[in-house]
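Chemist: Pasting in a structure now, in C-alpha cells, and then I'll have a few things to ask.
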Amino acid sequence: MNFPEYRPRRLRKNELFRKLIRETRLSVDNLIFPLFATVGKGVKKPIGSMPGHFQLSVDLLVKEVQECRALGIPAVLLFGIPDKKDEAASGAFARDGIVQQAVRRIKDKVSDILVVTDVCLCEYTDHGHCGMIEKGEVHNDMTLEVLAETAVSHAKAGADMVAPSAMMDGQVGMIREGLDEAGYETVPILAYSAKYASCFYGPFREAAESAPRFGDRKAYQMDPANGDEAIREMNLDVQEGADILMVKPALPYLDVIRRAREEFDLPVAAYNVSGEFAMIKAAAQLGWLDEEKAMMESLTAIRRAGADMILTYFAMEAARVLQR
Ligand code: PBG
C-alpha cells in the first residue's frame, strides 16, 4: 500500500489514536534509581554537575529509598564513598564498609524495594582505578578475587542483586562462583557487560570521587567505536552466568542495546549515565530544552531500542510524571 491509499497520518490524528497504536510504553516498573552513600549522619552533600542528587549519609539515604518505594520504583542501585581509600580497596569488602552499612539499614527499614549494589573498586582505591595495580597497570586476575569478595560481602549485608562494573575479564564467573560457594546461589548478577570508556561518566566521578589519579580506563572499558565486540563481551557474560545484560551508556549506544535485545534472550538493562542526565539538566537550566519532555523522550527511546529496564538519575522525576 502506498500513498494516497495509505496515509500514516490517519492514525496520528489525535491522542486517542496515538495511544491505540503506541508501540513502547514507559512504566515506573522499568526504572532503577542510583544513590550515593557516604559516612556520617545528617550529611546531604550536593553533587554540582547532577542537580537534585546528593551524597547522602545512611540515615538520609533510607528516607530517599522510602520515597522511591512510595513512588513505586522497584529497585535502587547503591554506590559508596568511603572515608578512607587505600591501595587494597579494603573499604570495598569490609563488613562495616559504607555500602554494607547502607544495605543493612535499608533492608532493615524499607520493605518491598530491591537493593542492587555496584561491584567495583574505583571508589575505594587511592589511585581511583577499578582494579589492583601491578607495575603501573590494572592487573586483571588479581582484581577478580577482590571483586568476588566484595560481591559476597554485599550479599551478606542483604543485597538483592549485585552489579559488577569493573570490566575485568572473567569477573561475572568469579563472582558467580564466590556467591554460590557462600550460599548465595539465589542472588542474581546484573552484568555491566558492554561498558564503554565514555566521557559521559564525568559527573559521576565527581559524585563518587572516583576519577583515576593517573591514566584512563581505556585498557579495561570498551572502545566506543566497537559494536561487534559488545556482542563478544555479552556472550562471555552469558556463559559465566549473568542474569541480566547491561549496556552503558545508553543514548549514544542505542544500536548496541538493540543488538543485545535481538541476539540474547536474557533481560537487557541500559544505564542512562550521569553525563546524559547532566546534558539535559544543563540545557534546561539555560532554557534551551524542555526538561520534562527531553527526559521522557530519552527514556522512551531507550526502551524502544530494546531495554527492559533503565538505570537513571531521572527515575524519581519520571515516576512523578508517570503518576499524573
Ligand atoms: C564504577 C562505575 C562508574 C559508573 C558506574 N559504575 C564510573 C566509571 O566507570 O568511571 C558511571 C555511572 C554514571 O556515569 O552515571 N566503575
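A short reminder: the numbers here are calculations on the coordinates, not readings from a lab. In this text, all values refer to a predicted model and were calculated from it rather than measured experimentally. Every residue, glycine as well, gets a Cβ built from its backbone with ideal geometry; the counts of neighbours run over all protein chains shown.
Chemist: List the residues, sorted by chain then number, that are 5 or more residues from Ile133 or on another chain and whose placed amide H is less than 5 Å from its amide H.
Modeler: It is His139, by chain and number.
Chemist: Let me ask you something else. Show me the ranking of peptides 105-113, 39-47 by mean Cβ neighbours inside 10 Å, starting with the highest. Walk me through the numbers on the way to the answer.
Modeler: Working: 105-113: 15.2, 39-47: 13.6.
My ranking of the peptides, most packed first, is 105-113, 39-47.
Chemist: Place a +1 charge on the Cβ of each Lys and Arg in the stretch 24-322 and a -1 charge on the Cβ of each Asp and Glu, then give the dipole magnitude about the Cα centre in debye, rounded to the nearest 20.
Modeler: With only Lys, Arg, Asp and Glu charged at Cβ, the dipole is about 1040 debye.
Chemist: Peptides 254-262, 271-279, 316-324: what's the order by average Cβ count within 10 Å, highest mean first? Write down the numbers at each step before the final one.
Modeler: Values: 254-262: 20.0, 271-279: 23.6, 316-324: 15.6.
Going from most to least packed, we get 271-279, 254-262, 316-324.
Chemist: Just going by the charge dipole of the chain, with Lys and Arg at +1 and Asp and Glu at -1 on Cβ, which of Gln285, Gln55, Val43 is farthest out on the positive end?
Modeler: Gln285
Chemist: So for each of 8-21, 298-311 I average, over its residues, the number of other beta carbons within 10 Å; can you give me the resulting order with the highest mean first?
Modeler: By packing density, highest mean first, the sequence is 298-311, 8-21.
Chemist: A follow-up question, please. For the Cα atoms of the chain, what angle does the longest principal axis make with the long axis of helix 98-109, in degrees from 0 to 90, nearest 10?
Modeler: For 98-109 against the chain, the angle is about 60 degrees.
Chemist: Let me ask you something else. Residue by residue through the stretch 200-208, what is 3J(HN,Hα) from phi via Karplus (6.51 cos²θ - 1.76 cosθ + 1.60, θ = phi - 60°)? Round to whole Hz and write x for glycine and proline.
Modeler: 6, 8, x, x, 4, 5, 5, 4, 9
Chemist: Here's something else I'd like to know. Report, in degrees rounded to the nearest 10, the 0 to 90 angle that the Cα long axis of helix 274-285 makes with the longest principal axis of the chain.
Modeler: Roughly 50 degrees between the two axes.
Chemist: Right, here's the next one. Counting only helical runs of four or more DSSP H residues, what would the 222 nm mean residue ellipticity of the chain come to if each run contributes -39,500 (n - 2.57) and the total is spread over all its residues?
Modeler: -12500 deg cm²/dmol
Chemist: What Kirkwood Rh does the stretch 24-322 have if only Cα atoms enter the pairwise 1/r average? Answer in Å.
Modeler: Kirkwood radius, the stretch 24-322: 19.0 Å.
Chemist: What's the Cα-based Rg to Rh of the stretch 156-212, Rh via Kirkwood?
Modeler: On the way: Rg = 13.7 Å, Rh = 13.1 Å.
Reported Rg/Rh (Cα atoms, Kirkwood Rh): 1.05.
Chemist: How tilted is helix 171-181 with respect to the longest principal axis of the chain? Cα atoms for both, answer in degrees (0 to 90, nearest 10).
Modeler: It is inclined by approximately 60 degrees.
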